[in-house]
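Structure first, then comments.
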Amino acid sequence: MNTVDFFTVSDAERERALAHAQWAAAQAAVIPDIPAHTTLRPLHKVAVIGAGTMGGGIAMSLANIGIAVTLIDANQEGLERGLRRIQDNYTTSVQRGKLRPQDMEQRLSLIHGSIQMADVQDADMVIEAVFEDMGLKQSIFRQLDEHCKPGAILATNTSGLDVDEIAAATHRPQDVVGAHFFSPAHVMKLLEVVRASQTAPDVIATLMDLGRRMGKIAVLARIYPGFIGNALFRQYTREAHFAVEDGALPHEVDAALKKFGYAMGIFAVHDMAGNDVGYQTRKAQMASRPQDRRWNDLIMKLCDLGRLGQKTGKGWYQYAPGDRTPQRDPELEQYIAEESVRMGIQRQPLDEQEILKRCLYGMVNEGAKLLEQGIALRPSDIDITYLTGYGFPAHHGGPMYLADRIGLEQVLADIERFYAQDGYWWQPAPLLQQLVREGKKFADWQAKA
């Protein structure tokens, strides 16, 4: 087993990581087959479909740069709730001295509400921000196809669905694009721009430029389950869960991640967000999913026990009334141990180095697969996605940069060890194997033209 120091980073290495992040942010704006001087489509007025937290945040991001917004919801109650949330967000910024009252009024004056889909007719772009349900999104895009003017950009805020399937609901697939904002959209700095098979180059250029105008880092991705960010995040969370089933406890995993530099451990994040996020979707998928690999269902079992996280006072941790500080819960830890027995797993202690290898190297391996398939343009795009959207510690430079610093030969050796031990999820990426054979790093890799 290779020994890796995940925790000691010299001042010089921190500076190099910061320089890499700045370079990666600049590189992300460069799309090799779309000239920098591409004429952009005008964006004077935008409609946002869905007045929930995400839609409201997107509306604010647009108003913040002077773009008029029509916020459309399915019913008056939902619309009014969304508009109140926007008002409250701006009011909080004023109270904190981050926004002048006159600027708040100017931005609010740009946001108008509606419950009529036909009110998209004069929009230069529409951003759909409804639930992550393919049927619902296709229904909305059929309506947009009917009501939107020619040349309007039709963007979906999906976090991982197939944008081609959404575009197929229209007669204008060249105008359809993914615009994956991160919540809260008026705060988070990442925008994944998802290029579908027929998306026009000027649509991509316009979205990339919009991200820049909003003060965000826009990163281009191709269609893939979860695109770049969530594709890697799946590996990260899956291995954290497997580590708990295999012998670690939630607080041990979280402690290792925090020592590495994350602001929060993954299980504390689950409890904060709610363990029931995505519960129904995962439940529906269980009957048809492949049986040739291991699945992490422990979080589903916690939901069935009513352990939804902070909102119920119990999740992976327990919480005192009015206090969001995670506290170890002996009852939960006993339950985990019993579940391991039921699954036929002989629990073994895992040290923090092994925990981090499992959580981080799965991301690196997946990143290599995204590069091979052209989902991400360059390793630095994966790094900047993780630095700006997923809280990856800045002083480590991103998962692909970190792998280069550790040494790909060492990383691959551990991945092969995990593959021999655990199978499917750890199948080594051919690109990673190739780079090791050639004595190269991710930084040396360039996509084939």
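With K and R counted +1 and D and E -1, the other residues having a Cβ less than 14 Å from that of residue 441 yield a net charge of 0. Taking the DSSP beta bridges with both ends in the stretch 45-222, the antiparallel portion is around 15 percent. In this structure, the amide hydrogen of residue 196, modeled 1.01 Å from its nitrogen in the peptide plane, lies closer than 5 angstrom to those of 178, counting only residues at least 5 positions away or on a different chain. Calculated mean residue ellipticity at 222 nm for the chain: -15000 deg cm²/dmol, from DSSP H runs with n ≥ 4 weighted as -39500 (n - 2.57), summed, divided by the residue count and rounded to 500.
Here are several values of Rg and Dmax of the Cα atoms in Å: [x] 21.1, 65; [y] 22.6, 63; [z] 24.0, 83. Which one was derived from the coordinates shown? Derived directly from the coordinates: [y].
Charged neighbours of residue 13, selected by a Cβ distance under 14 Å, balance to -1 (K, R count +1; D, E count -1). Here the stretch 349-405 and the stretch 1-79 have alpha carbon centers that stand 19 Å from each other.
Computed over the chain with a Gaussian network model linking Cα atoms closer than 10 Å, the most mobile of 139, 288, 183 is 288.
Since only 285, 264, 248 are under comparison, the one whose Cα sits farthest along the positive direction of the charge dipole of the stretch 229-342, derived from C-beta charges on Lys, Arg, Asp and Glu, is 285. Over 21 Å between C-alpha atoms is what I'm after, so list which of 98/216; 301/369; 369/448 land there. 301/369, as the Cα separations exceed 21 Å there.
Of the peptides 7-15, 107-115, the order by per-residue mean of other Cβ atoms within 10 Å, starting with the highest, comes out as 107-115, 7-15. A simple packing score, the average count of other Cβ atoms within 10 Å per residue, orders the peptides 86-95, 295-304, 211-220, 410-419 as 211-220, 410-419, 295-304, 86-95, with the highest score first. Past the 24 Å Cα-Cα mark, which pairs from 45/137; 283/314; 189/314? As for pairs spanning more than 24 Å Cα to Cα, those are 189/314.
Please compute the Kirkwood hydrodynamic radius over the stretch 303-396, one decimal place, Å, based on all pairs of different Cα atoms.
Roughly 16.8 Å, rounded to one decimal.
For the stretch 45-222, the Cα-based Rg and Dmax, in that order, read 15.2, 47 Å.
When the Gaussian network model of the chain links Cα atoms closer than 10 Å, the mean-square fluctuations of 192, 80, 352 top out at 80. Which whole-percent values make up P(r) of the stretch 229-342 when all C-alpha to C-alpha distances are grouped in 5 Å steps starting at zero? Answer for the stretch 229-342: a P(r) of 2, 11, 20, 27, 21, 12, 5, 1, 0 percent.
Read the figures in this text as sums done on the coordinates, not as results from a lab. Model, not experiment: these values are computed from the prediction. Cβ atoms come from the backbone with ideal geometry, glycine included; neighbour counts cover every protein chain shown.
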